[in-house]
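Worksheet: one structure, shown below.
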Amino acid sequence: MQFLLFILLYPILWFISILPFRILYLLSDGIYILVYTILGYRKKTVRANIALALPHLSIKERIVIEKKFYSHLCDMFLEMIKTMSLTQKQIDERFKFSNLDVYLDLEKKGKSIALVCAHYASYEWVLSMNNYITFKGYGIYKKIANDYFDKLVRDIRSKFKAYLITTKETKSTIEENAKNGVLAVYGFASDQTPRLSKNLNWHHFMGIETPIHVGAESLAKRYNLNVIFLRTKKLKRGYYEASFEVMTEDINSIEDYKLSEAFMAKVEQQIYDQPEYYLWTHKRWKHKKKN
């Protein structure tokens, strides 16, 4: 059944991937009408999240953000598919790194790196940084249930010299590389909700006390990794710019959970700057402390 679904959908995905960007975004506009207006995909979750996180805005202002978010979500989904046929020149034109030297200087320290970022703007195209770095680059992701689509996503995301590992493979991969002296950068998108059973720290994120991921910090401390934050901005439709901010070169001097909290503060600032580009469909605040 998994294979049948894959062979039925793959030709459609391939056809979408070869569309010119101008046509791709016209298609995105049509999908937006379907997803937002007709199906209302996760609209209750999105609306509740925006209301929780941005209570100072009026209902009218929040609806504007909601609509812009769904338009961006459709764009990002099609941009991921477009990556199947995207050339190096095209992605270099559309996803730029404004201060790559900051990251490259950190590589010169001779320690592996934990790169932390949010589900914000284009987190799919971030993997293109592997074309410019010397360390072995790993992207950490959650495995898809359909094995064929999982392989397709791995192939798409691995196109730009990135190695994909699942969340369950992360610790063993870092440990193996550390034993073998392999210098690497590990990409953690750590802004979403951890399982409550594995929660180690509560933090006020967007003014709401909620569990936060501390896995990147814990692994960085265990294996003495330097930590860098990647901030992405959407400049206009289909164009992004990313910048790097070193968070620490001495992870074990930082009090437990403080680096994770500092990361969430950076994510907060991104959201306040341009809230429409955050991934609001995730139930980020499903666990809240009861008064």
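Which order do the peptides 153-166, 46-59, 126-139 take when ranked by the mean count of other beta-carbon atoms within 10 Å per residue, highest first?
In decreasing order of mean packing, 153-166, 46-59, 126-139 become 126-139, 153-166, 46-59.
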>> Given Cβ point charges of +1 (Lys, Arg) and -1 (Asp, Glu) and nothing else, what value in debye, to the nearest 20, does the dipole of segment 234-282 about its Cα centre take?
In response: 440 debye
>> Tell me the carbon and sulfur percent of the accessible area for segment 151-194, rounded to whole percent, probe radius 1.4 Å.
In response: 52 percent
> Where does the chain land at 222 nm, in deg cm²/dmol rounded to the nearest 500, when only DSSP H runs of n ≥ 4 count, each adding -39500 (n - 2.57), divided by all residues?
Replying inline: -13500 deg cm²/dmol
> Of Ile140, Leu4, Pro20, which is farthest on the positive side of the dipole of the chain, counting Cα position, with +1 on Lys and Arg Cβ, -1 on Asp and Glu Cβ, and the Cα centre as origin?
Replying inline: Leu4
>> For the full complex of protein chains and a 1.4 angstrom probe, list Ile31, Ile81 by accessible area with the highest value first.
In response: Ile31, Ile81
>> Tell me the relative contact order for segment 1-146 as a rounded percent, counting alpha carbon contacts under 8 Å between residues six or more apart.
In response: 27 percent
> Within the accessible area of segment 216-291, what % is carbon and sulfur when the probe is 1.4 Å and the other protein chains stay in place?
Replying inline: 42 percent
>> With every protein chain kept in place and ligands, DNA and RNA left out, what is the accessible area per residue of the chain? Probe 1.4 Å, answer in Å².
In response: 51 Å²
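Taking the Cβ-Cβ separation of Ser98 and Trp14 as r and a Förster radius of 30 Å, what is the calculated FRET efficiency to the nearest 0.05?
0.35
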> Between segment 253-291 and segment 85-136, what is the C-alpha centre distance in whole Å?
Replying inline: 22 Å
>> I'm spelling it out carefully: the read-out is semi-axes √(5λ) of the Cα gyration tensor in Å, the candidates are (1) 45, 28, 15; (2) 29, 25, 19; (3) 33, 21, 19, and one was derived from this structure. Which label?
In response: (2)
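Quick check on packing: order 176-185, 276-285 by the mean number of other C-beta atoms within 10 Å, highest mean leading.
So the peptides 176-185, 276-285, ranked by packing, come out 276-285, 176-185.
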>> Counting only Cα atoms, I'd like the Rg/Rh figure for segment 1-85, Kirkwood definition for Rh.
In response: 1.09
>> As I understand it, the dipole of segment 145-238 uses +1 on the Cβ of Lys and Arg and -1 on the Cβ of Asp and Glu, about the Cα centre. Which of Leu219, Phe229, Ile174 lies farthest toward its positive end?
In response: Phe229
> Roughly how many whole Å is it from the C-alpha centroid of segment 26-72 to that of segment 172-214?
Replying inline: 28 Å
>> Straight-line reach from Lys159: which lysines fall under 20 Å, measuring Cα to Cα and dropping same-chain residues less than 8 apart?
In response: Lys82, Lys89, Lys96, Lys136, Lys142, Lys143, Lys151
> Placing +1 at every Lys and Arg Cβ and -1 at every Asp and Glu Cβ, with all other atoms neutral, what dipole size does segment 18-89 have around its Cα centre, in debye to the nearest 20?
Replying inline: 140 debye
> Using a 1.4 Å probe on the protein chains only, how many percent of the accessible area of segment 26-98 belongs to carbon and sulfur?
Replying inline: 64 percent
> Among the aspartates and glutamates, which have Cα under 18 Å from the Cα of Lys258 when same-chain residues fewer than 8 positions away are ignored?
Replying inline: Asp191, Glu209, Glu217, Glu245, Glu249, Asp250, Glu268
>> I want to verify the translational diffusion coefficient of segment 175-230 in µm²/s; compute it with Stokes-Einstein, Rh as the Kirkwood radius over Cα pairs, at 10 °C and 1.306 mPa s.
In response: 122 µm²/s
> With +1 on each Lys and Arg Cβ and -1 on each Asp and Glu Cβ, how big is the dipole of the chain about its Cα centre, in debye rounded to the nearest 20?
Replying inline: 840 debye
> Using the Cβ atoms and a cut-off under 10 Å, what net charge is assigned to the surroundings of Val35, where Lys and Arg are +1 and Asp and Glu are -1?
Replying inline: +2
>> Along the charge dipole of segment 135-280, pointing to its positive end and built from +1/-1 on Cβ of Lys, Arg, Asp and Glu, which listed residue (Phe160, Met247, Thr210) has its Cα farthest out?
In response: Phe160
>> What lysines does Lys68 reach when the alpha-carbon gap must be under 16 Å and sequence neighbours fewer than 8 apart in one chain are set aside?
In response: Lys43, Lys44, Lys60, Lys233, Lys234, Lys236
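The values are calculated or read from the model by the stated rules, or taken from the named source; none is laboratory data. The shown structure was predicted, so the numbers you read here are calculated from the model rather than taken from an experiment. Methodologically, a virtual Cβ is constructed for each residue, glycine included, from the backbone with ideal geometry; neighbour enumeration extends over all protein chains shown. Protein only, heavy atoms only, side chains kept; ligands, DNA and RNA dropped before computing areas. Shrake-Rupley method; radii C 1.70, N 1.55, O 1.52, S 1.80 Å.
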